[in-house]
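Some notes on the structure that comes next.
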Amino acid sequence: MANEIERRDFLKLTAISGLGVVFASALPGMARAAGQDDFYFVQLSDTHWGFEGPPNPDARGTLKKAVAAVNSLEREPDFIMFTGDLTHTTDSPVERRKRMSEFKEIVKDLKAKTVRFMPGEHDASLDNGKAFQEFFGATHYTFDHKGVHFIVLDNVSDPRAIIGDEQLGWLAADLRQQKDDASIVVFTHRPLFDLYPQWDWATRDGAKAVDLLMPYENVAVFYGHIHQEHHHMTGHIAHHAAKGLMFPLPEAGKAPTRAPLPWNPVEPYKGLGFRGVDADAKTAKYELSEFPVVKA
(Lines give C-alpha, C1' and ligand atoms only; values in the text may rest on other atoms or scores of the structure.)
Protein backbone atom coordinates (compact mmCIF):
# COMPACT_ATOMS: atom_id res chain seq x y z
CA MET A 1 0.00 0.00 0.00
CA ALA A 2 2.84 2.27 -1.02
CA ASN A 3 0.70 5.38 -1.50
CA GLU A 4 -1.48 5.00 1.59
CA ILE A 5 0.58 3.48 4.37
CA GLU A 6 4.15 3.97 5.51
CA ARG A 7 6.25 0.84 5.72
CA ARG A 8 6.70 -0.43 9.24
CA ASP A 9 8.77 -3.16 10.71
CA PHE A 10 7.14 -6.55 10.51
CA LEU A 11 6.09 -7.44 14.03
CA LYS A 12 5.05 -10.94 14.97
CA LEU A 13 2.82 -10.68 17.98
CA THR A 14 2.00 -14.25 18.81
CA ALA A 15 1.38 -17.69 17.35
CA ILE A 16 -1.22 -20.29 18.25
CA SER A 17 0.34 -23.66 18.79
CA GLY A 18 -0.95 -26.38 16.50
CA LEU A 19 -2.87 -24.03 14.21
CA GLY A 20 0.04 -22.18 12.71
CA VAL A 21 -1.82 -18.89 12.93
CA VAL A 22 0.43 -15.84 13.19
CA PHE A 23 -0.92 -12.40 14.06
CA ALA A 24 1.08 -9.60 12.53
CA SER A 25 1.15 -5.89 12.11
CA ALA A 26 2.26 -5.90 8.54
CA LEU A 27 2.62 -3.66 5.58
CA PRO A 28 3.02 -3.83 1.86
CA GLY A 29 6.55 -5.09 1.65
CA MET A 30 5.95 -8.07 3.92
CA ALA A 31 3.79 -10.18 1.61
CA ARG A 32 5.82 -13.20 0.66
CA ALA A 33 6.05 -14.52 -2.86
CA ALA A 34 3.20 -16.83 -3.63
CA GLY A 35 4.00 -20.50 -3.85
CA GLN A 36 1.96 -23.32 -5.26
CA ASP A 37 0.07 -23.80 -2.00
CA ASP A 38 -0.02 -20.11 -1.03
CA PHE A 39 -2.65 -17.52 -1.68
CA TYR A 40 -3.72 -14.18 -0.35
CA PHE A 41 -7.16 -12.81 0.46
CA VAL A 42 -8.53 -9.65 2.02
CA GLN A 43 -11.32 -9.38 4.59
CA LEU A 44 -13.36 -6.18 4.79
CA SER A 45 -16.25 -5.79 7.18
CA ASP A 46 -18.98 -3.51 8.48
CA THR A 47 -18.91 -0.79 5.84
CA HIS A 48 -22.40 0.38 6.93
CA TRP A 49 -23.03 2.31 3.72
CA GLY A 50 -25.85 4.77 4.41
CA PHE A 51 -24.78 5.59 7.98
CA GLU A 52 -24.65 9.28 8.84
CA GLY A 53 -23.64 10.85 12.12
CA PRO A 54 -20.86 12.34 14.28
CA PRO A 55 -18.98 9.02 14.72
CA ASN A 56 -17.81 9.41 11.11
CA PRO A 57 -17.97 12.85 9.46
CA ASP A 58 -16.57 11.20 6.31
CA ALA A 59 -19.32 8.56 6.12
CA ARG A 60 -19.72 9.10 2.36
CA GLY A 61 -15.99 8.88 1.70
CA THR A 62 -14.54 6.14 3.92
CA LEU A 63 -15.63 3.20 1.76
CA LYS A 64 -14.03 4.78 -1.30
CA LYS A 65 -10.83 5.30 0.67
CA ALA A 66 -10.92 1.61 1.67
CA VAL A 67 -11.27 0.58 -1.97
CA ALA A 68 -8.28 2.75 -2.87
CA ALA A 69 -6.27 1.31 0.02
CA VAL A 70 -6.96 -2.29 -1.04
CA ASN A 71 -6.15 -1.45 -4.66
CA SER A 72 -2.77 -0.05 -3.61
CA LEU A 73 -1.64 -3.29 -1.95
CA GLU A 74 1.52 -4.57 -3.56
CA ARG A 75 0.00 -8.02 -3.97
CA GLU A 76 -3.41 -8.33 -5.60
CA PRO A 77 -5.60 -10.63 -3.51
CA ASP A 78 -6.89 -13.88 -4.96
CA PHE A 79 -10.27 -12.82 -3.61
CA ILE A 80 -11.91 -10.30 -1.31
CA MET A 81 -14.51 -11.21 1.30
CA PHE A 82 -16.95 -8.73 2.82
CA THR A 83 -18.11 -10.19 6.15
CA GLY A 84 -21.43 -8.38 6.48
CA ASP A 85 -23.16 -5.13 7.32
CA LEU A 86 -22.47 -3.84 3.84
CA THR A 87 -25.18 -1.25 4.43
CA HIS A 88 -26.67 0.49 7.44
CA THR A 89 -30.10 -0.62 8.53
CA THR A 90 -33.22 1.16 7.34
CA ASP A 91 -36.92 0.40 7.69
CA SER A 92 -37.53 1.42 4.08
CA PRO A 93 -37.28 -1.41 1.52
CA VAL A 94 -36.70 1.21 -1.18
CA GLU A 95 -33.87 2.89 0.73
CA ARG A 96 -32.38 -0.50 1.60
CA ARG A 97 -32.08 -1.38 -2.09
CA LYS A 98 -30.77 2.07 -2.94
CA ARG A 99 -27.97 1.65 -0.42
CA MET A 100 -27.11 -1.81 -1.71
CA SER A 101 -27.00 -0.49 -5.26
CA GLU A 102 -24.70 2.37 -4.26
CA PHE A 103 -22.46 0.04 -2.27
CA LYS A 104 -22.18 -2.36 -5.20
CA GLU A 105 -21.32 0.47 -7.57
CA ILE A 106 -18.46 1.64 -5.33
CA VAL A 107 -16.88 -1.76 -4.67
CA LYS A 108 -16.94 -2.78 -8.36
CA ASP A 109 -13.67 -0.84 -8.63
CA LEU A 110 -11.84 -3.26 -6.33
CA LYS A 111 -8.90 -4.97 -8.03
CA ALA A 112 -9.28 -8.67 -7.35
CA LYS A 113 -10.08 -11.78 -9.34
CA THR A 114 -13.16 -12.41 -7.19
CA VAL A 115 -15.16 -10.36 -4.68
CA ARG A 116 -17.56 -12.24 -2.40
CA PHE A 117 -20.25 -11.02 -0.05
CA MET A 118 -22.25 -12.16 2.95
CA PRO A 119 -24.91 -10.26 4.89
CA GLY A 120 -24.89 -8.68 8.30
CA GLU A 121 -27.97 -8.10 10.40
CA HIS A 122 -28.16 -4.53 9.09
CA ASP A 123 -28.51 -5.94 5.57
CA ALA A 124 -30.80 -8.88 6.20
CA SER A 125 -32.62 -9.17 9.52
CA LEU A 126 -35.59 -6.95 8.61
CA ASP A 127 -36.51 -8.89 5.45
CA ASN A 128 -34.86 -12.29 6.03
CA GLY A 129 -32.17 -11.44 3.49
CA LYS A 130 -34.54 -10.81 0.56
CA ALA A 131 -32.94 -7.58 -0.69
CA PHE A 132 -29.44 -8.91 -0.10
CA GLN A 133 -30.15 -11.94 -2.28
CA GLU A 134 -31.44 -9.71 -5.06
CA PHE A 135 -28.14 -7.87 -5.22
CA PHE A 136 -25.53 -10.38 -4.04
CA GLY A 137 -26.95 -13.89 -4.25
CA ALA A 138 -27.04 -16.61 -1.62
CA THR A 139 -26.60 -15.74 2.04
CA HIS A 140 -24.76 -19.01 2.78
CA TYR A 141 -22.61 -21.07 0.45
CA THR A 142 -19.27 -22.84 0.05
CA PHE A 143 -16.33 -22.52 -2.30
CA ASP A 144 -12.88 -24.05 -2.63
CA HIS A 145 -9.63 -22.30 -3.36
CA LYS A 146 -6.17 -23.84 -3.67
CA GLY A 147 -6.88 -26.68 -1.30
CA VAL A 148 -8.88 -24.77 1.31
CA HIS A 149 -12.62 -25.36 1.79
CA PHE A 150 -14.47 -22.13 2.60
CA ILE A 151 -17.88 -22.11 4.29
CA VAL A 152 -20.00 -18.95 4.47
CA LEU A 153 -22.58 -19.15 7.26
CA ASP A 154 -25.61 -16.88 7.62
CA ASN A 155 -26.31 -16.07 11.28
CA VAL A 156 -28.11 -12.80 10.60
CA SER A 157 -31.07 -13.27 8.23
CA ASP A 158 -33.10 -14.81 11.03
CA PRO A 159 -33.82 -11.87 13.38
CA ARG A 160 -33.46 -14.23 16.35
CA ALA A 161 -29.69 -14.24 15.74
CA ILE A 162 -29.58 -17.93 14.92
CA ILE A 163 -28.22 -20.11 12.13
CA GLY A 164 -31.26 -22.37 12.25
CA ASP A 165 -31.75 -26.11 11.99
CA GLU A 166 -32.05 -26.17 8.21
CA GLN A 167 -28.72 -24.42 7.67
CA LEU A 168 -27.06 -26.47 10.40
CA GLY A 169 -28.20 -29.60 8.55
CA TRP A 170 -26.72 -28.17 5.37
CA LEU A 171 -23.44 -27.50 7.22
CA ALA A 172 -23.33 -31.02 8.63
CA ALA A 173 -23.89 -32.52 5.17
CA ASP A 174 -21.13 -30.37 3.69
CA LEU A 175 -18.66 -31.26 6.43
CA ARG A 176 -19.29 -34.97 5.92
CA GLN A 177 -17.67 -34.57 2.51
CA GLN A 178 -14.44 -33.26 4.08
CA LYS A 179 -11.53 -35.26 5.45
CA ASP A 180 -10.65 -34.87 9.12
CA ASP A 181 -7.43 -33.05 8.22
CA ALA A 182 -9.01 -30.79 5.58
CA SER A 183 -8.14 -27.09 5.70
CA ILE A 184 -11.43 -25.32 6.47
CA VAL A 185 -12.13 -21.61 6.78
CA VAL A 186 -15.51 -20.34 7.97
CA PHE A 187 -16.84 -16.83 7.39
CA THR A 188 -19.66 -15.53 9.60
CA HIS A 189 -20.90 -12.09 10.57
CA ARG A 190 -21.67 -12.56 14.24
CA PRO A 191 -19.24 -14.53 16.41
CA LEU A 192 -20.14 -18.20 16.77
CA PHE A 193 -19.17 -18.14 20.45
CA ASP A 194 -20.63 -16.07 23.29
CA LEU A 195 -18.32 -13.08 23.20
CA TYR A 196 -20.78 -10.69 24.88
CA PRO A 197 -24.43 -11.69 24.45
CA GLN A 198 -25.59 -8.54 26.27
CA TRP A 199 -24.53 -6.58 23.17
CA ASP A 200 -25.74 -9.15 20.65
CA TRP A 201 -22.14 -10.34 20.23
CA ALA A 202 -23.09 -14.00 19.98
CA THR A 203 -25.05 -16.52 17.89
CA ARG A 204 -27.72 -18.28 19.90
CA ASP A 205 -27.07 -21.65 18.27
CA GLY A 206 -23.46 -20.94 17.37
CA ALA A 207 -22.24 -23.68 19.71
CA LYS A 208 -23.98 -26.22 17.48
CA ALA A 209 -21.93 -25.03 14.51
CA VAL A 210 -18.72 -25.14 16.55
CA ASP A 211 -19.55 -28.69 17.65
CA LEU A 212 -19.93 -29.71 14.00
CA LEU A 213 -16.56 -28.14 13.18
CA MET A 214 -14.70 -29.52 16.20
CA PRO A 215 -13.78 -32.95 14.72
CA TYR A 216 -11.80 -31.25 11.96
CA GLU A 217 -8.17 -30.55 12.72
CA ASN A 218 -7.59 -27.37 10.74
CA VAL A 219 -10.39 -24.82 11.15
CA ALA A 220 -10.26 -21.03 11.32
CA VAL A 221 -13.20 -18.64 11.58
CA PHE A 222 -13.23 -15.04 10.34
CA TYR A 223 -16.05 -12.72 11.35
CA GLY A 224 -17.03 -9.06 11.76
CA HIS A 225 -19.89 -7.42 13.69
CA ILE A 226 -17.89 -6.14 16.67
CA HIS A 227 -15.96 -3.45 14.72
CA GLN A 228 -12.57 -4.28 16.21
CA GLU A 229 -9.78 -6.80 15.94
CA HIS A 230 -10.31 -9.70 18.33
CA HIS A 231 -8.91 -13.24 18.60
CA HIS A 232 -10.43 -16.15 20.51
CA MET A 233 -10.04 -19.92 20.76
CA THR A 234 -12.73 -22.56 21.17
CA GLY A 235 -10.65 -25.67 21.66
CA HIS A 236 -8.31 -25.81 18.66
CA ILE A 237 -10.50 -23.53 16.50
CA ALA A 238 -9.30 -19.94 16.13
CA HIS A 239 -11.80 -17.10 15.69
CA HIS A 240 -10.66 -13.73 14.28
CA ALA A 241 -12.78 -10.58 14.22
CA ALA A 242 -11.91 -7.77 11.79
CA LYS A 243 -12.09 -4.03 12.29
CA GLY A 244 -14.99 -2.15 10.77
CA LEU A 245 -14.91 0.48 8.04
CA MET A 246 -17.41 3.03 9.36
CA PHE A 247 -16.93 3.41 13.12
CA PRO A 248 -15.18 1.43 15.88
CA LEU A 249 -17.05 0.01 18.86
CA PRO A 250 -15.83 -0.29 22.47
CA GLU A 251 -14.38 -3.48 23.85
CA ALA A 252 -16.92 -5.87 25.33
CA GLY A 253 -18.22 -4.60 28.64
CA LYS A 254 -15.86 -1.61 28.80
CA ALA A 255 -18.58 0.97 28.15
CA PRO A 256 -22.18 1.38 29.34
CA THR A 257 -23.44 0.62 25.82
CA ARG A 258 -22.07 -0.55 22.49
CA ALA A 259 -22.43 2.95 21.01
CA PRO A 260 -19.84 3.91 18.38
CA LEU A 261 -16.68 5.46 19.71
CA PRO A 262 -16.50 9.22 19.07
CA TRP A 263 -14.61 10.53 16.06
CA ASN A 264 -11.22 11.95 17.01
CA PRO A 265 -10.27 14.83 14.68
CA VAL A 266 -6.68 14.59 15.91
CA GLU A 267 -6.56 10.92 14.82
CA PRO A 268 -9.21 10.62 12.09
CA TYR A 269 -10.12 7.09 10.96
CA LYS A 270 -8.57 5.66 14.13
CA GLY A 271 -9.79 2.10 14.69
CA LEU A 272 -10.95 1.63 11.09
CA GLY A 273 -9.21 -0.93 8.92
CA PHE A 274 -9.19 -4.18 7.03
CA ARG A 275 -7.25 -7.44 7.02
CA GLY A 276 -4.99 -9.28 4.63
CA VAL A 277 -4.50 -13.03 5.05
CA ASP A 278 -1.57 -14.99 3.65
CA ALA A 279 -2.76 -18.59 3.50
CA ASP A 280 -0.81 -21.80 3.05
CA ALA A 281 -3.20 -24.67 2.37
CA LYS A 282 -0.51 -27.31 2.70
CA THR A 283 0.34 -26.40 6.29
CA ALA A 284 -3.01 -24.78 7.21
CA LYS A 285 -1.25 -21.59 8.27
CA TYR A 286 -2.82 -18.13 8.09
CA GLU A 287 -0.70 -15.03 8.54
CA LEU A 288 -2.92 -12.09 9.46
CA SER A 289 -1.98 -8.54 8.55
CA GLU A 290 -3.97 -5.53 9.76
CA PHE A 291 -4.13 -2.39 7.61
CA PRO A 292 -5.55 1.05 8.42
CA VAL A 293 -7.90 2.70 5.95
CA VAL A 294 -5.83 5.87 5.95
CA LYS A 295 -2.24 6.42 7.04
CA ALA A 296 -2.03 7.72 10.60
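The values are calculated or read from the model by the stated rules, or taken from the named source; none is laboratory data. These numbers come from a predicted model, not from an experiment. Positions of Cβ are generated from backbone atoms using ideal geometry, with glycine treated the same way; all protein chains shown enter the neighbour counts. We work out accessible area using only protein heavy atoms, side chains counted, and drop any ligands, DNA or RNA first. Shrake-Rupley method; radii C 1.70, N 1.55, O 1.52, S 1.80 Å.
Key figures for this structure:
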item	result
Equivalent ellipsoid dimensions for the chain as semi-axes, Å, which come from the Cα gyration tensor, largest first	26, 24, 18
P(r) tail fraction, the stretch 186-296 - alpha-carbon pairs more than 22 Å apart, %	38 percent
Estimated [θ] at 222 nm from DSSP helical runs (n ≥ 4, -39500 (n - 2.57)) normalised by residues in the chain, nearest 500	-5500 deg cm²/dmol
FRET efficiency estimate (nearest 0.05) - Cβ-Cβ, Glu134 to Asp37, R0 22 angstrom	0.05
Of all DSSP beta bridges in the stretch 139-296, antiparallel share, percent nearest 5	60 percent
Under 5 Å, built H, 5+ apart or other chain: amide partners of Gly244	His227, Gln228, Gly273
The stretch 60-176 shape via C-alpha gyration tensor axes, a/c threshold 1.5	oblate
Rg ratio (alpha-carbon, reference 2.2 N^0.38 Å) - the stretch 196-241	1.16
Rounded to 5, the percent of DSSP beta bridges in the chain classed as antiparallel	55 percent
Reachable lysines from Lys64, criterion Cα separation under 23 angstrom, eight or more residues apart if same chain	Lys98, Lys104, Lys108, Lys111, Lys113, Lys243, Lys270, Lys295
Accessible carbon and sulfur surface of the chain relative to its total accessible area, %, 1.4 Å	50 percent
Amide H partners (placed H, <5 Å) of Trp49, local residues excluded	Thr87, His88
Under the Debye formula (equal points on every Cα, no solvent term), log10 I(q)/I(0) of the stretch 49-129 at q = 0.13, 0.16, 0.24, 0.26 Å⁻¹	-0.44, -0.65, -1.23, -1.33
Reach of Lys285 by Cα under 19 Å, taken over lysines that are not fewer than 8 positions away in the same chain	Lys12, Lys146, Lys179
Val186 long-range amide H proximity, modeled H, under 5 Å	Ile151, Ala220, Val221, Phe222
The chain, relative contact order in percent, only Cα pairs under 8 angstrom and at least six apart counted	23 percent
Isotropically averaged projected area of the stretch 104-166, using the convex hull of Cα atoms (one quarter of hull area), nm²	5.3 nm²
R0 of 45 Å, Cβ-Cβ distance Arg75-Asp194: FRET efficiency to nearest 0.05	0.80
Pair Asp165, Lys104: separation of 7 Å Cα→Cβ label points (nm)	3.4 nm
For the stretch 124-246, radius of gyration divided by Kirkwood radius, i.e. Rg to Rh on alpha-carbons	0.94
Residue-normalised accessible area of the stretch 139-296, expressed per residue, 1.4 Å probe, Å²	42 Å²
Most to least packed among 153-161, 115-123 [average Cβ atoms within 10 Å]	115-123, 153-161
